[in-house]
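Asker: Submitted below is the structure of interest, expressed as structure tokens.
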Amino acid sequence: ITYTATDSAGNTATATQTVTVTESPAINPTITAPDDVTVNTGPGATICGAFVGDATLGTASANDNCPGVTVTRTGVPAGNIFPVGTTTVTYTATDRSGNTAQDTQTVTVIDNTPPVVTPPAAVTLFTGPGASSCGVTVTDLDGTLGTGSATDNCPGVQNPPTRSGVPSGNFFPVGQTTLTYSATDAHGNSASAQQVVTVVDNTAPVISCPANIVLEPTCPSGAIATFADATATDNCGVQSVVRTAGPASGSVFPIGTTTVTFTATDIHGNTASCNFTVTVKTVLQTLADLRASVAANTQLSPPQRNGLLSKLDSAKQHIESGNQNGACAKLADFVNSTQNFINNGALSAATGNAWISTANNIRNTLGCTNNPCT
């Protein structure tokens, strides 16, 4: 406050007085922080936190008995990146007299970002040669299938992920099996991804053909051969067994060697084949075998054997010279003589009838008779 004195001549003088007003007792300002904030990290987050801008945080309000209150804020992380969890932000109001008041706001960041699970690549397995089961047993799951991986915006994710869907006994059947890989992060968020394991049956059936067949000719065109079909087994199942080459059983097979082929196909299209031969001997081969049987016989006396061998040798000479009638006559003599030896007990019926059958087969093949093929 300034005081001024003026005399009659107009001269002046001044003096001042200071009046100080203090608060006693002190009166603090009041402050109200913004409402608490809760945010989520959200899908696809790459950091273990969230950006919370000033607009989201809001502004504190302050009042005082005197104007000129200032408000400051502390506790906001750098870049306004708040970590997962709860962060306290403090607001302070200061008046001109240095009196203060504080209020707090909590910022809660919730991690709701699921992990990113990467499954192993799809796997294809094969049953392989000689398999006995319709599938594959995997003894080393990690080595064969892989383990997968998991990443997350926050540390502590389960890695490697857990695997589910493996069949009992680690036996993967032919076809596709889907496995699931799952991981959970430190805040309970989980995710999964799938892997497909494909098992392909490339195991061929096991096929078995009848034994080779050797026949005497029974008519000019050969002889009838009968045989059972081939049999087959397979790790998954046999679709069919069919004759793919050569005449059918019960057909007349020509003189010489004929190959018969059977092919087995399993239910997944794998095939296997086997062969056997049907050999119909020539007339001269059959005659030579008959002669060897007679020559080796010990039931007949040497003169009896020699008589039969002479007839067979003579028949051979006629055949080689193209004299069919001569050959037919000598073979008929052989049949009659053999029958006489059976009748008088010099030769067993089993041996003699076998010789007679062979001689008659040769005769029918030569055209001496006109009997149907057998």
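Asker: Where Rh is the Kirkwood radius over the Cα pairs of the stretch 228-287, the temperature 4 °C and the viscosity 1.567 mPa s, what D in µm²/s does Stokes-Einstein return? Kindly include the intermediate steps, with their values, before the conclusion.
Answerer: Values: Rh = 13.0 Å.
Calculated translational D: 99 µm²/s.
Asker: I'd like the orientation of helix 283-295 relative to the chain: the angle between its Cα long axis and the longest Cα principal axis, in ° from 0 to 90, rounded to 10.
Answerer: 70
Asker: How large is the accessible surface per residue of the chain, computed with a 1.4 Å probe and reported in Å² as a whole number?
Answerer: Values: 19440 Å² over 374 residues.
Result: 52 Å² per residue.
Asker: Right, here's the next one. So for the chain, averaging the separation of alpha carbon pairs under 8 Å that are six or more residues apart and normalising by length, what relative contact order in percent results? Mind dumping the intermediate values first?
Answerer: Values: 778 pairs, mean separation 40.7, N = 374.
Relative contact order of the chain: 11 percent.
Asker: If you don't mind, another one. Which aspartates and glutamates, on any chain, are close to K330 with Cα under 15 Å apart, when same-chain ones fewer than 8 places away are left out?
Answerer: K330 reaches D313, E320.
Asker: Can you give the FRET efficiency to the nearest 0.05 for T86 and T6, using r as the Cβ-Cβ distance and R₀ = 51 Å? Numbers along the way, then the final one.
Answerer: Values: r = 70 Å, r/R0 = 1.38.
Between T86 and T6 the formula returns 0.15.
Asker: Within the chain, what whole-number % of the accessible surface is contributed by carbon and sulfur, with the 1.4 Å probe and all protein chains included in the calculation? Could the numbers behind the result be given before it?
Answerer: Details: 9750 of 19440 Å².
Ligands and nucleic acids excluded, carbon and sulfur give 50 percent.
Asker: Extension gain S164-T14, at 0.36 nm per residue separation less the Cα-Cα distance, in nm?
Answerer: Details: separation 150, 0.36 × 150 = 54.00 nm, distance 9.81 nm.
Extending this stretch completely gives an extra 44.2 nm.
Asker: On to the next question. Which shape class applies to the stretch 42-185: rounded if a/c is under 1.5, otherwise prolate when a/b exceeds b/c and oblate if not, where a ≥ b ≥ c are the square roots of the Cα gyration tensor eigenvalues?
Answerer: On the way: a/c = 6.47, a/b = 6.09, b/c = 1.06.
Because a/c hits 1.5 or more and a/b exceeds b/c, the stretch 42-185 counts as prolate.
Asker: Let me know the whole percent of all Cα-Cα pairs from the stretch 6-94 that are separated by more than 22 Å.
Answerer: Percentage above 22 Å: 54.
Asker: For the chain, what does the helix formula give at 222 nm: sum of -39500 (n - 2.57) over DSSP H segments with n ≥ 4, over the residue count, nearest 500 deg cm²/dmol? Let's see the in-between values first.
Answerer: Numbers: 6 runs with 80 residues, N = 374.
For the chain, the value works out to -7000 deg cm²/dmol.
Asker: Ok, one more. For K281, which lysines qualify as cross-link partners when the Cα separation must be under 19 Å and same-chain residues fewer than eight apart are set aside?
Answerer: In chain and number order, the partners are K316.
Asker: Still on this model: Highest mean first, how do 227-236, 51-60, 105-114 rank when packing is the count of other Cβ atoms within 10 Å averaged over residues?
Answerer: Working: 227-236: 17.5, 51-60: 13.8, 105-114: 19.4.
Averaged packing, sorted descending, gives the order 105-114, 227-236, 51-60.
Asker: Okay, moving on. From the mean inverse distance of alpha carbon pairs (Kirkwood) and the Cα radius of gyration, derive Rg over Rh for the stretch 258-370. Can you show the working numbers first?
Answerer: Working: Rg = 19.4 Å, Rh = 15.9 Å.
My calculation puts Rg/Rh at 1.22.
Asker: Using only Cα atoms, tell me the angle between helix 349-366 and the longest principal axis of the chain; keep it within 0 to 90° and round to the nearest 10.
Answerer: 90
Asker: Spit out the partnerless Cys residues in the chain, using Cβ distances under 4.7 Å as the pairing rule.
Answerer: C66
Asker: Each label point is 7 Å from the Cα along the Cα-to-Cβ direction; what then is the distance between the points at T139 and A245, in nm?
Answerer: 4.0
Asker: List the relative contact order of the stretch 39-121 as a percent without decimals, with contacts defined as Cα pairs under 8 Å and 6+ residues apart. Numbers along the way, then the final one.
Answerer: On the way: 134 pairs, mean separation 30.1, N = 83.
Here the relative contact order equals 36 percent.
Asker: If you don't mind, there's one more thing I want to ask. State the extension gain, in nm to one decimal, for the chain segment bounded by D35 and S321, taking 0.36 nm per residue of separation less the distance between their alpha-carbons.
Answerer: On the way: separation 286, 0.36 × 286 = 102.96 nm, distance 12.70 nm.
Value of the extension gain: 90.3 nm.
Asker: May I ask which residue of I356, N325, L284 lies farthest towards the positive end of the charge dipole of the stretch 229-374, with charges of +1 (Lys, Arg) and -1 (Asp, Glu) on Cβ and the Cα centre as origin?
Answerer: N325
Asker: Could you give the length gained on full extension between I110 and A292, defined as 0.36 nm per residue of separation minus the Cα-Cα distance, in nm?
Answerer: Details: separation 182, 0.36 × 182 = 65.52 nm, distance 10.26 nm.
Answer, rounded to one decimal: 55.3 nm.
Asker: Any idea what angle helix 302-321 forms with the longest principal axis of the chain, computed on alpha-carbon atoms, 0 to 90 degrees, nearest 10?
Answerer: 70
Asker: What FRET efficiency would be calculated for the residue pair A354, A211, taking the C-beta separation as r and a Förster radius of 22 Å, to the nearest 0.05? Mind showing how you got there, number by number?
Answerer: Details: r = 21 Å, r/R0 = 0.94.
Result of the calculation: an efficiency of 0.60.
Asker: List the extent of the Cα atoms of the stretch 111-262 along each of their three principal axes, largest first, rounded to whole Å.
Answerer: Cα extents, longest axis first: 95, 20, 19 Å.
Asker: Okay, next question. Assigning unit charges at the beta carbon (Lys, Arg +1; Asp, Glu -1) and nothing else, what dipole magnitude in debye, to the nearest 20, does the chain show about its Cα centre? Kindly include the intermediate steps, with their values, before the conclusion.
Answerer: Values: 11 positive and 22 negative charges, 651 e Å.
Roughly 3120 debye, rounded to the nearest 20.
Asker: Which number do you get for Rg(Cα) / (2.2 N^0.38 Å) in the stretch 319-374?
Answerer: After normalising by residue count via 2.2 N^0.38 Å, the value is 1.19.
Asker: What value in Å³ per residue do you get for the convex hull of the alpha-carbon atoms in the stretch 200-310?
Answerer: Details: hull volume 12.6 nm³, N = 111.
Hull volume over Cα atoms, normalised by residue count, gives 113 Å³.
Asker: Mind ordering 193-199, 216-222, 6-12 by average Cβ neighbours within 10 Å, highest first? If you can, show how the numbers build up before the last one.
Answerer: On the way: 193-199: 17.1, 216-222: 19.6, 6-12: 7.0.
Ranking the peptides 193-199, 216-222, 6-12 by packing returns 216-222, 193-199, 6-12.
Asker: In whole angstrom, and with the biggest value first, how far do the Cα coordinates of the chain range along each principal axis?
Answerer: Sorted from largest, the Cα extents of the chain read 197, 37, 24 Å.
The values are calculated or read from the model by the stated rules, or taken from the named source; none is laboratory data. Please read all numbers here as calculations on a predicted model, not as lab measurements. We place every Cβ from the backbone using ideal geometry, glycine too, and count neighbours over all the protein chains shown. Accessible surface is based on the protein model in full, side chains and every heavy atom, while ligands, DNA and RNA are left aside. Shrake-Rupley method; radii C 1.70, N 1.55, O 1.52, S 1.80 Å.
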